[in-house]
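All of the numbers you see were taken from the coordinates with simple rules; none came from a lab. In this text, all values refer to a predicted model and were calculated from it rather than measured experimentally. As a convention, Cβ positions derive from the backbone with ideal geometry for all residues, glycine included, and neighbour counts pool all protein chains shown.
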Amino acid sequence: MPEIIKIEHMTKDYGGGRGIFDFSLSVNEGEAYGLVGTNGSGKTTTMRHLMGFLAPDSGSCEIGGINCRQHPDQIAKRVGYVPGQIDFPDVGSGTNFLKIQAQYFGIRDMSYTEKLIDLFKIDTSAPLKRMSKGMKQKMALVAAFMAKPDILLLDEPSTGLDPVMRDALIGLILEQKERGATVFMSSHIFKELEDTCDQVTFIHNGKVINTVSRALCGENMPRLYRIGFADESQYRAFKAHTSFQIDSFNDEYKHLTAVVPVNEMNSFVRVLADYNMRYVRFVPYSLEMYYKKYIENGGNV
Amino acid sequence: MFSLPLFRQSVKSNWVLWTAITSVMSVLCVQFAALEMTQPLLFVIFYGMMTTILPSIYVLVTANKLIANQVDRGSMAYVLSTPIKRSAVNFTQSVFLIGSLAAMFGIETLLHLAVNAAKPITIATALGNSELPLQGNLTAKMIVQVNLSAFVVCIAIAAVCFMFSDIFNSAKYSIGLSGTFVGVNILANMLAMFGSLGVGGLDKFRYLTICSFYDHQSVLFSQNDWIIKMIYPAAIAAAAFMIGSAVFRKKDLPL
């Protein structure tokens, strides 16, 4: 698959450690790509560079071989953008807003737009200024998806959405992927990235720290099991003698989480049989855990 | 270069203030031109102050709303995420600003022409000074020329406000500097007018205001000074629009 979004050694220094630093990543056509990071880690700054709103201090970014900064108008022809900051032009009702957006994109057939409005259950006749945060976010999503763009740049697209609407959004993103669109989204909600993205890049304080692919959550990953022990001595004994890697533990509650490689499941059970336990629980491995651990360990997983 | 949807959007978000200011200006114009009591103040109050103050208020608010406010609030993202160049956004918004100002002066001028045709007055009456060596009535040509002179000065004020709107990402700086600029010009113009009415020393203030290039006296005296004086505000306007556009095309936008 050809590369469609390319960011090369991009730096934008706002001073005081804020900004993005030597940022490089590449997204292939038809891929869903996630950008995860805490608040202020540089997600929005990256998006703004891709839209050509900001000029990098050094390095460059391009979409489909076109430099984002030099020809943002050509980029915009192919891109649907959900900004991180949601405020609409002062044009009265939601219907007016969508009508004007359609004119900008030269959309005549509004049937797909209607479909999106139905999907998100929006009352577009309401004045934009009276809309709730979630309602505004849904309007922004319709505006971004209505032109059926090849590339979607979504800056925290699920902000303010209720769980049902978040699922609708995930469904919509998967649908776009199916039709061949490339999705580049940022979020700090790991679930929606896990459900949609082929690759996820973690960023922290403006630096790329790691890129993981979907395989992280795949079949061959080591499993995590949490074991609660009956008493202190059993807990200490297991902790002292086990050959399994211990991911985390809690002395007070006498439980710990062990890492179990796929092919050692049987020996794990055999070892456990010698201990008095309160419970054993499978802990699904998530991007969130991965990320938290990364931040806690100061950059080493 | 020109974006019709953006123009429509600007009309939708700015027609209220335009209608209000245009109505006030039109009503005042008709009143000063038609009522015998106020006719002597037509050129002192109405053409002396109102034709610069009222459009300035409109321009101050609107120029800020057209660019800086939308960048500050983030709504400009919806315009710029469509296939429109920044230069086209800038051009379209400046066309709207000048166009709406032209419509405002157009309506006021037509109304004055209508009133003047129905109730002609002498130039001396209109100036409120019967001792001036002026013969004849206020002609339609004079009315058009006076308004043209005021219009060009207002374009210059609009261009400077629009330049600040282009330069700053923060609406408070844009409106703050535009407001200072407009305020100083209007205030100096009023003080200079008191000076010309006989208060000693105040006439020096005319060097502090762009409104001095608007010269209704020379029109009424059938001189050509007002035409030459239009060159300066026109040059200021051109320079301001060019600087604004250059900055807006290149700057970082927090969208």
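See the values below:
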| quantity | calculated |
| --- | --- |
| Helical contribution to [θ] at 222 nm, DSSP H n ≥ 4, -39,500 (n - 2.57), averaged over chain A, rounded to 500 | -10000 deg cm²/dmol |
| Footprinting exposure proxy for A:K129, B:K65 (fewest neighbouring C-beta atoms within 10 Å first) | A:K129, B:K65 |
| Normalised contact order of chain B, rounded percent, pairs of Cα under 8 Å and 6 or more residues apart | 25 percent |
| Cα centroid separation, the stretch B:41-103 to the stretch A:60-117 (Å) | 24 Å |
| Residues with amide H under 5 Å from that of A:A32, placed H, sequence gap 5 or more | A:V183, A:D198, A:Q199 |
| Only Lys, Arg (+1) and Asp, Glu (-1) charged, at Cβ; the protein assembly as shown dipole about Cα centre in debye | 480 debye |
| Residue-averaged beta-carbon neighbours from other chains (10 angstrom radius) around B:2-15 | 3 |
| Peptide A:85-95 - average C-beta neighbours from other chains (10 Å radius) | 5 |
| Average beta-carbon neighbours from other chains, 10 Å sphere, peptide A:96-105 | 5 |
| Cα-based Rg / Dmax (Å) for the stretch B:4-250 | 19.0, 63 |
| The stretch B:158-233 - Debye-derived log10 I(q)/I(0), Cα point model, q = 0.14, 0.17, 0.22 Å⁻¹ | -0.57, -0.75, -0.98 |
| Mean separation of Cα contacts under 8 Å (6+ apart) over length of the stretch A:223-284, as relative contact order % | 53 percent |
| Inter-centroid distance (Cα atoms) of the stretch A:9-36 relative to the stretch B:186-255, Å | 48 Å |
| Rh (Kirkwood; distinct C-alpha pairs) - the stretch A:1-119, Å | 16.3 Å |
| Mean projected area (nm²) of the alpha-carbon convex hull when the protein assembly as shown is viewed from all directions | 33.8 nm² |
| Longest to shortest principal axis, alpha-carbon extents of the stretch B:12-134, angstrom | 62, 24, 22 |
| Sequence of B:W18, B:W226 once ranked by neighbouring C-beta atoms within 10 Å, starting from the fewest | B:W18, B:W226 |
| Degrees, to the nearest 10: A:133-145 long Cα axis against longest axis of chain A | 70 degrees |
| Projected-area average for the stretch A:223-284 over all orientations - Cα convex hull basis, square nanometres | 3.7 nm² |
| Calculated diffusion of chain A, Stokes-Einstein form, Kirkwood radius summed over Cα pairs, 20 °C and 1.002 mPa s, µm²/s | 99 µm²/s |
| Angle in degrees between helix A:94-105 and the longest Cα principal axis of chain A, rounded to the nearest 10 | 80 degrees |
| Estimated FRET transfer efficiency when R0 is 60 angstrom, pair A:D22-A:S233 (beta carbons, to 0.05) | 0.70 |
| Ascending count of other beta-carbon atoms within 10 Å, so fewest first, for A:E252, A:E114 | A:E252, A:E114 |
| DSSP H segments from chain B that extend 30 Å or more along their own axis, Cα-based, with Kyte-Doolittle mean of -0.5 or above | B:4-34, B:86-118, B:140-167, B:171-196 |
| Relative contact order (percent, whole number), chain A, Cα cutoff 8 Å, 6+ residue spacing | 19 percent |
| C-alpha long axis of helix A:287-296 to longest principal axis of chain A, angle in ° | 70 degrees |
| The protein assembly as shown - share of DSSP beta bridges that are antiparallel (%, nearest 5) | 70 percent |
| 5 angstrom amide H check on A:V283, placed H, neighbours 5+ away | A:L224, A:Y225, A:R226 |
| Distance-filtered residues of the stretch A:246-275 - backbone nitrogen under 19 Å, label point 7 angstrom along A:F282 Cα→Cβ | A:247, A:256-273 |
